[in-house]
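Structure first, then comments.
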Amino acid sequence: MPSTSVIDNGIIPTLCRQCGQHCGVFAHVENGRVTRISGNKSHPENQGMVCPKGRAAAQWVYHPKRLKGCLKRSSDGNFKTIGYDQALDEIAGKMVDIKERAGACAMSAWTGEAIGFLQQEAYARRFIHAFGSPNFFTADSVCFALRLMAYHTCQGYWSYPPDFERAGMTILWGANPAYSHPPFMQRINKARRRGGKLVVIDPRRTIAAKKADLFLQLRPGTDAALAFGLMRCLIHENAYDRDFVASYSRGFEKLAAYSEAFTTAYVAQQTGVPEEALNKMRDMMLQSLPRCVSFPGISLEHQVNGFNTIRAIASLSALCGAIDIEGGEPWNKGIRVNDLNPLDKEQFKRMNPAGYNSFPLFYEMMQKCHSIPGLDYMLGQEAYPIKGLIYSGANPVLTNPNSQKVARAFAGLDLLVARDLFMTESAKLAHYVIPAASFLERSELHFYPEVQRVGLSQKVLAVEGTWDEYTFWHDLAHRLGFGDVYFPWEDETAVNRWLLEPSGIALEALMKSPEGIVYDPKVERRKFESRPFPTPSGMFEFASEGLKSFGCPTIPTYEQPEYLKTAAPGFPLRMITGSRKAIYYHSRYREIETFKSATPRALVEIHAGDAAELNIADGEAVRIVSKIGAITIPVKVVEEGRILKGFIEVPHGWNNPNVNALTDDRDTDPVGGFPNMKIVPVRIEKTEL
Ligand SMILES: Nc1nc2c(c(=O)[nH]1)N[C@H]1C(S)=C(S)[C@@H](COP(=O)(O)OP(=O)(O)OC[C@H]3O[C@@H](n4cnc5c(=O)[nH]c(N)nc54)[C@H](O)[C@@H]3O)O[C@H]1N2
Ligand SMILES: Nc1nc2c(c(=O)[nH]1)N[C@H]1C(S)=C(S)[C@@H](COP(=O)(O)OP(=O)(O)OC[C@H]3O[C@@H](n4cnc5c(=O)[nH]c(N)nc54)[C@H](O)[C@@H]3O)O[C@H]1N2
Ligand code: SF4
Ligand SMILES: [Mo]
């Protein structure tokens, strides 16, 4: 295969991007080929650790199924290989045609988690904005943005990640960093060796739960009740940070009055957690104050009261006194870099960005469009039609809710361009597939705000017949006539140099610093004492008056999950989806042979009591039916205590079965538009595979 490393033999330090952590790694090259990836012990992110996904990077980038050469779908549905110039000329021509027929807004772009949320994403956003369309979608519509929105509402920034290593107590709310964020688990483990406590709140006894000092097996959707119960304890014990509340916050009285209803008995009744365990948690929290940090996971975003649940958790941290202290939740200092995003917010808002009407706060805070209503635009069921989409580093047909609808929307477009390393279920629907470069084939900046460092990944490989993100957007922009203005840099090295200019850090220096460079040596704590919180009031907002205009209560509230209020007729079970596993990453890495042999298929986890009632044995197949679809999947009856009775768990990212055939895109958080992927009403029927 014509793929060569930038050196013949040796070791190239770089950053792993098999997930979003950007661990420091070494690529070992022998005879022009990367043979293995090892950890950089001096890198602050991972301190030498490499997880199985990182170790498998070489298997993945050299996989024989990797796409090379541009593909065009013919009328018979088959793909044929065409030249890069022809592909880009045709795509540019079709975009011009769409613009003439339906306006610039009829074109859109979409980047997925594989692209990340920084530089690579910014190329796509810059491109579609320069084309004249506000319609830019990302994985943010189902990931991280709801947390960002909730924290921003309270304090004007998001403290990510907490100072795990120095915390007195870490509360994992529906997160399993042992699998999802291995470097964070490493830090939590370090804190525990020094006596720090770990509390895990999860309806499933995860690997993190097994290691925890305390595991609360709570009913999904009831986290806010627990958070209010803990706030009530802090207030009743007079143990909350009174100085912080008096001097730097607003809305405390309203919040305190609301929390009064959350007695230990009521919280136990809602969450299903025994009062004894709740009291134990309260005592642990009181003993670790103020260094008590919370880490809300993705499961709190994937439910209909997610925004308020996360606000309640952010408020709890503020009452603990954990805001911007050592061992608390830092207010990170950013780096001064040039901005790739030329968005004129007001101008684009006037153009009616897709989904603005449905979830205006999402657009206001993220300055991106929401993909869930975005699909209605693609289906021609909204104010104007979206007729074209270029997506990169995503696989929405498997990862977005209501996958039948995603597939229908994609299949109906006049122009769909896919950028991926592999032929996926989404790429199969594309008119053109432009093979993408992997992270080992590009160079980009990455920031580690908790240690105030900037790092740079190095280009390790060149693979013929694939194109990196910058080259692709640059080349297409030049064909459309706005390249000179918006993509003037020759290559990504020139972009990196331009981005860094305001920071005072030279690209050459960064290239020689595999562990990154500290962009601000001064560590400051409790910065709110000397400058206002970046909220409308300048205070930490337990109550946010600004939310009224978005139809949201000013203080966070607990909404009982539907299943505690009424039985959904015909759907007696609740399905949790997508709990992270150690190896697969959403729909990624299913090609890797060693992963395939370790976990060849998706299984539904079911409680032994539910299995017995349904007369289902381990290994048998079932049909899971939701309001919008059905899938067939083999059963894994799990050990006692692993999952709450009445709940099942199905992994995501698989093609067969695709759990998002069951998740409903209409069942969302009203403010953030995040889909319910964690409490899906379903029933199970015995069947055969
Ligand atoms: N290996 C691997 N790592 C990944 C990913 C991957 O696909 N694979 N994806 C990455 C991405 S993009 C993300 S967003 C992160 C997500 O990472 P995390 O936020 O750590 O998510 P999970 O590991 O799925 O853990 C979520 C847990 O929440 C529990 N849960 C479900 N409903 C509720 C509820 O109502 N309340 C509470 N308290 N718990 C609940 C589930 O049982 C599950 O154990 O992982 C990242 N890391
Ligand atoms: N039911 C259910 N669904 C979920 C979730 C859940 O918990 N439950 N979690 C949701 C979450 S939190 C997220 S973040 C989304 C993620 O959903 P997506 O953003 O769609 O992510 P992936 O499935 O990982 O798709 C990434 C694609 O990019 C390709 N790729 C990898 N590296 C590169 C690269 O460098 N360049 C390019 N161009 N392509 C690359 C991969 O081959 C893969 O096909 O899934 C969501 N879907
Ligand atoms: S956690 Fe694993 S996959 Fe993620 S960056 Fe680190 S080594 Fe790579
Ligand atoms: Mo995510």
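Some observations on this one:
- Qualifying positions in the stretch 537-586 - within 16 Å of ligand 3 (Cβ to nearest atom) and not aliphatic (A, V, I, L, M): Arg580, Lys581, Tyr584, Tyr585, His586
- Given (1) in contact with a strand residue (DSSP E or B) (Cβ under 7 Å, 6 or more places away or on another chain); (2) of a type outside the set (D, E, K, R); (3) surrounded by fewer than 24 Cβ atoms within 10 Å (Cβ to Cβ); (4) farther than 19 Å from Pro556 by Cβ, index of the condition Ser159 fails: (4)
- Residue in the stretch 119-151 that is surrounded by the fewest Cβ atoms within 10 Å (Cβ to Cβ), counting only those that are β-branched (Val, Ile, Thr) and within 15 Å of ligand 2 (Cβ to nearest atom): Val142
- Members of the stretch 269-279 that are surrounded by fewer than 20 Cβ atoms within 10 Å (Cβ to Cβ), within 20 Å of Leu172 (Cβ to Cβ) and out of contact with any strand residue (DSSP E or B) (no Cβ under 6 Å at 6 or more places or on another chain): Gly272, Pro274, Asn279
- Members of the stretch 82-118 found to be at pLDDT below 95 and more than 16 Å from ligand 1 (Cβ to nearest atom), listed by number: none
- Among the residues listed as Lys627, Lys596, the single one being in contact with an Asp or Glu (Cβ under 8 Å, 6 or more places away or on another chain), surrounded by fewer than 20 Cβ atoms within 10 Å (Cβ to Cβ) and without any contact (Cβ under 8 Å) to a residue 60 or more places away in the chain: Lys627
- Pairs with Cβ under 7 Å, 6+ apart, first in the stretch 481-505 and of a type in the set (A, V, I, L, M), second open to solvent by 30 Å² or more (accessible area, probe 1.4 Å): Val495/Trp489; Leu499/Val337; Leu499/Asn338; Leu500/Val337; Ile505/Ile517; Ile505/Tyr519
- All positions within the stretch 508-528 that are free of Cβ contacts under 8 Å to residues at least 60 places away in the same chain and among the small types (Gly, Ala, Ser): Ala509, Ser513
- Summed over the stretch 270-287, the residues that are touching a Lys or Arg at 6+ places or on another chain (Cβ under 6 Å) and closer than 28 Å to Arg526 by Cα give a count of 1.
- Within the stretch 106-144, the only residue that satisfies the criterion of being of a type in the set (D, E, K, R) and touching a His at 6+ places or on another chain (Cβ under 8 Å) is Glu113.
- Restricting the stretch 105-118 to residues that are open to solvent by 10 Å² or more (accessible area, probe 1.4 Å) and touching a Leu at 6+ places or on another chain (Cβ under 9 Å) leaves a set whose member that is nearest to ligand 3 (Cβ to nearest atom) is Ala114.
- Scanning the stretch 299-306 turns up at least one residue that is open to solvent by 10 Å² or more (accessible area, probe 1.4 Å), part of a loop (DSSP other than H, G, I, E, B), away from ligand 4 (no atom under 16 Å from the Cβ) and under 29 Å from Glu562 (Cα atoms).
- Of the helices (runs of 4 or more DSSP H) lying entirely inside the stretch 332-407, those carrying at least 1 residues that are closer than 17 Å to Met149 by Cβ, in contact with a Gly (Cβ under 8 Å, 6 or more places away or on another chain) and among the hydroxyl-bearing types (Ser, Thr, Tyr) are 360-366, 371-378.
- Being under 16 Å from the mean Cα position of the chain (by Cα), under 30 Å from Leu547 (Cα atoms) and among the polar types (S, T, N, Q) is a property that holds for Thr111.
- Checked against (1) touching a helix residue (DSSP H, G or I) at 6+ places or on another chain (Cβ under 7 Å); (2) within 16 Å of ligand 4 (Cβ to nearest atom), Asn658 passes all but condition (2).
- Search result, residues across the stretch 318-331 that are buried (at least 24 other Cβ atoms within 10 Å of the Cβ) and either assigned to a loop (DSSP other than H, G, I, E, B) or free of Cβ contacts under 8 Å to residues at least 60 places away in the same chain (or both): Ala322, Gly328, Pro330
Each row is one residue, and each column tells you yes or no for (1) under 30 Å from Glu346 (Cβ atoms); (2) part of a loop (DSSP other than H, G, I, E, B); (3) touching a Ser or Thr at 6+ places or on another chain (Cβ under 9 Å); (4) not basic (Lys, Arg).
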position	(1), (2), (3), (4)
Ala109	yes, no, yes, yes
Arg125	yes, no, yes, no
Ala130	yes, no, no, yes
Phe137	yes, no, yes, yes
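- Yes/no for Gly465 being touching a Pro at 6+ places or on another chain (Cβ under 9 Å) and modelled with pLDDT of 95 or more: yes
- Meets criteria (under 17 Å from Ala175 (Cβ atoms) and either among the aliphatic types (A, V, I, L, M) or touching a residue at least 40 places away in the same chain (Cβ under 8 Å) (or both)) for Gly221: yes
- Near pairs, Cβ below 8 angstrom, 6+ apart or cross-chain, from the stretch 172-183 (near ligand 1 (Cβ under 6 Å from one of its atoms)) to any residue that is part of a helix (DSSP H, G or I) and of a type in the set (Phe, Trp, Tyr): Pro177/Phe184
- Note on the stretch 422-453: among residues that are open to solvent by less than 20 Å² (accessible area, probe 1.4 Å) and in a helix (DSSP H, G or I), the one that is farthest from ligand 3 (Cβ to nearest atom) is Ala427.
- Residues in the stretch 139-149 that are within 14 Å of ligand 1 (Cβ to nearest atom) and part of a helix (DSSP H, G or I): 7 in all.
- Looking only at the stretch 318-350, and only at residues there that are within 19 Å of Ser141 (Cβ to Cβ) and among the hydrophobic types (A, V, I, L, M, F, W, C), the one that is modelled with the highest pLDDT: Phe348
- Test: residue in the stretch 590-607 that is touching a helix residue (DSSP H, G or I) at 6+ places or on another chain (Cβ under 6 Å) and within 16 Å of ligand 3 (Cβ to nearest atom): yes
- Any chance Lys345 is within 22 Å of Cys552 (Cα to Cα), in contact (Cβ under 8 Å) with a residue 12 or more places away in the chain and open to solvent by 10 Å² or more (accessible area, probe 1.4 Å): no
The values are calculated or read from the model by the stated rules, or taken from the named source; none is laboratory data. Since the model is a prediction, treat every value here as computed from it, not as a measurement. Here Cβ is always computed from backbone atoms with ideal geometry, including for glycine, and neighbour counts include all displayed protein chains. Calculation scope for accessible area: heavy atoms of the full protein, side chains included, ligands and nucleic acids excluded. Shrake-Rupley method; radii C 1.70, N 1.55, O 1.52, S 1.80 Å.
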